[in-house]
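Have a look at the structure below before the remarks.
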C-alpha cells in the first residue's frame, strides 16, 4: 500500500468512526431529554 | 507527491482536491500569532491546550487561596458569604473543566500520535475547533463574576433548585459555558477514538499500544457517554429557567432529586475521566525509571476497562442521603466497593513493576511515586465514603473535600506534572533544572499534605463543606490547612519559573531517547520533536522493540 493509499484509507475510516461516535453522543443527549420528558 | 513535511490536513486536501495547488509542502510552523489560531498540527494544539490548562489552574488556584484565606480563622474575615460560595463554585468548575481535563487532552494531543506512529490526529481541523472553543467558554464562565447578582454560587454540582429557581441571572451564561466545554470535550473524544482506531501504524495492534494510549482511548468512550448527559442536564436547567418547563421544579410536577441522578450519572464517570489518563501516565513513567517492563500490561488494560464500565453503575453513592431505598443503598455500596478490585490491580502492578527494579528518582519518577502513594490514600477514603451507613456521618463534610482533593490534586494533577517533566525535554529539546525541580517536588508534596490531610480530621469532627465560617473547635486544623494551602499555592510560582526557564534557557538535549531506559515510539524521533513526524509508519519490529511492556531478550 502506498503512502497516499494508506492516508486515504485512514481518512475514510476516521470519517466513518467520527460519524458513528458523534451520532452515539447526540443520541445519548436526545435520550437524556426524552427520558425526562415522558 | 512529496510528503516529507506536510500537514496531515494539507495532504488530505491534496488527495480530495480541496486545494487547487499544493506547493507549500516543505513548511515548518507558520510564524506569528496566526500560527496558533489556524494550526491543525497536533503538537501546536497540544501546546495550546497545556498552556490554557496551566492558566486556568492558576486562576482556579487563586480562587482556592481566597477560600483558604477566609477559612484561616473562624468568623467572617475577608469576603461576603455569597462571594465565598461563588469562589467554591468557580474553583471547582475551573479546575475540573478548565484545568485538569484540558491538560489531559493537551497531553493526548502531543503524545498519542507520537506513541502510535501516526502523522497527526485523525481530524485536524476539528482538533483546532475543539481547542479554540475553550478560551471563549472559560472567559464566559469567569465573566459571570462581574455580572449583576454575581457568578454561580451553587457549588460545582449545581443542584436544582439552587441552580434554577434561586440562581442569579448569570446562570444562563454558566449554562452556555458548560454546553461549549462539553461540546469541546466530545469533539476531542471523537478525535481520539478516530485517531486510535484509524491512524495507528498499520503494524501496531491494539494490544501493542502503550498504556497512556489505552487509558485515553477508554476515557474517550467515557466522555462520549457522559458529556451528552451533562449537556442534557444543563439544557433542562435552561428550559426550566427560561421556557416554563418543570423538569426539576417540584411545584410544577418535576423532581429535584432527578437532577442529582442525572448530574451524578455524568459526574461519577467524570471522576474517572480525570483519573484514567493519570493511570496511563504513571504506567509510562514507572517502567522507565524502574528499568523494567510494565508488570501485567494486559491486566492493566482490562482493569482500566472494568473501572470505566463500573463507573457508570455507581453514581448514586453520591446520594445516599436522598432517601434511597435500603436495597438501592446496598447495591450502590457494593458496586462502589467493587471498583477497588481493578484499582487494586493497578496499584499492585505499579508496585510490582518497581519491585527489584534498578530504580532512580528523577523528577518525573518522584511525582509518579508520590501519585501511587497519595492517590491510594484518596482511594481508601473513597472506600470509606462508599460504605452507606458510614457515609451518613461523612456526607457533605470536609472528609469528602479531603478525599476528592487527594484523588484530583495528588492524583490527577500530580500525574500531569509528572507527564510534563517526563515529556518536556522531548517537546522543547531542553532539560529542566533537576535540582530546582526536586526542591519544587518536596515543597509541593509536603505542603499539599499539610493542606489536605487535616481536612480528614475536620470532616470526621463534623465540619460541613462550603461554609465561610465555622465553630471554634475547627480553628486549629483550619489554620494548619490554610498554611499548607498558601505554601502549596506558592509552589506554583516556582513551577512556572522551572518550566519557563527550561523552555528558554534549559540545557540542550539532542538524544532521541531523553531518558536512557525509556521505551516508546516517541523516543525514536529526534529531540526536540520535529513539527512533522512519522511520514513513514514504524514497522512491527520497531513497535515491539519500543514496547514498554514487552521484554525481548537481548534488546534493551
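Summary of values
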quantity	calculated
Measure of compaction for the protein assembly as shown (Cα Rg per 2.2 N^0.38 Å)	0.96
Rounded, prolate or oblate (a/c below 1.5 giving rounded, otherwise prolate when a/b exceeds b/c) for the stretch B:192-276 by Cα gyration tensor	prolate
Compactness index (Cα Rg / 2.2 N^0.38 Å), chain B	0.97
Global size of the stretch B:358-488 as Cα Rg and Dmax, reported in angstrom	16.9, 54
Histogram of C-alpha separations across the stretch B:27-118, 10 Å bin width, %	16, 32, 24, 16, 10, 2, 0
Nearest-0.05 FRET efficiency for residue B:239 and residue A:31, computed from C-beta distance (R0 22 Å)	0.85
For B:196-209, mean number of other protein chain Cβ atoms within 10 Å	2
Alpha-carbon Rg/Rh ratio, for the stretch B:108-189, with Rh computed the Kirkwood way	1.15
Segments B:159-166, B:217-224 sorted - mean Cβ within 10 Å per residue, highest first	B:217-224, B:159-166
Enclosed volume per residue, in Å³, of the convex hull spanned by Cα atoms of the stretch B:427-556	192 Å³
Protection proxy ranking of A:13-25, B:130-142 - average other beta-carbon atoms within 10 Å, highest first	B:130-142, A:13-25
Cα point-scatterer Debye curve for the stretch B:304-407, base-10 log of I(q)/I(0) at q = 0.10, 0.16, 0.18 Å⁻¹	-0.35, -0.76, -0.90
Other protein chain Cβ atoms within 10 Å, averaged over every residue that makes up B:184-191	3
Between helix B:475-505 and chain B: long-axis angle, C-alpha atoms, 0 to 90°, nearest 10	20 degrees
Distance between the stretch B:398-466 and the stretch B:84-146 - C-alpha centres, whole angstrom	20 Å
nm² value of the averaged projected area, convex hull over the Cα atoms of the stretch B:225-362	10.8 nm²
Hull shadow area, averaged, the stretch B:144-263 [alpha-carbon convex hull, nm²]	9.1 nm²
Peptide-level mean, for A:1-8, of C-beta atoms on other protein chains within 10 Å	4
Stokes-Einstein translational diffusion, the stretch B:258-339 - Kirkwood Rh over all Cα pairs, 1.306 mPa s, 10 °C, in µm²/s	111 µm²/s
Where only alpha carbons of the stretch B:73-215 are counted, the Rg and the Dmax (Å)	19.3, 64
Computed lengthening from residue B:436 to residue B:525, 0.36 nm per intervening residue step minus Cα-Cα distance	29.3 nm
Rounded FRET efficiency, nearest 0.05, which uses the C-beta distance separating residue B:76 from residue B:494 and R0 of 35 Å	0.65
Degrees, to the nearest 10: B:276-290 long Cα axis against longest axis of chain B	50 degrees
Distance cut-off 20 Å, percentage of C-alpha pairs in the stretch B:477-549 lying past it	57 percent
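Bear in mind that the values in this text are calculations on the coordinates, not laboratory data. What you see is a predicted model; the values in this text were computed from it and never measured. Cβ atoms come from the backbone with ideal geometry, glycine included; neighbour counts cover every protein chain shown.
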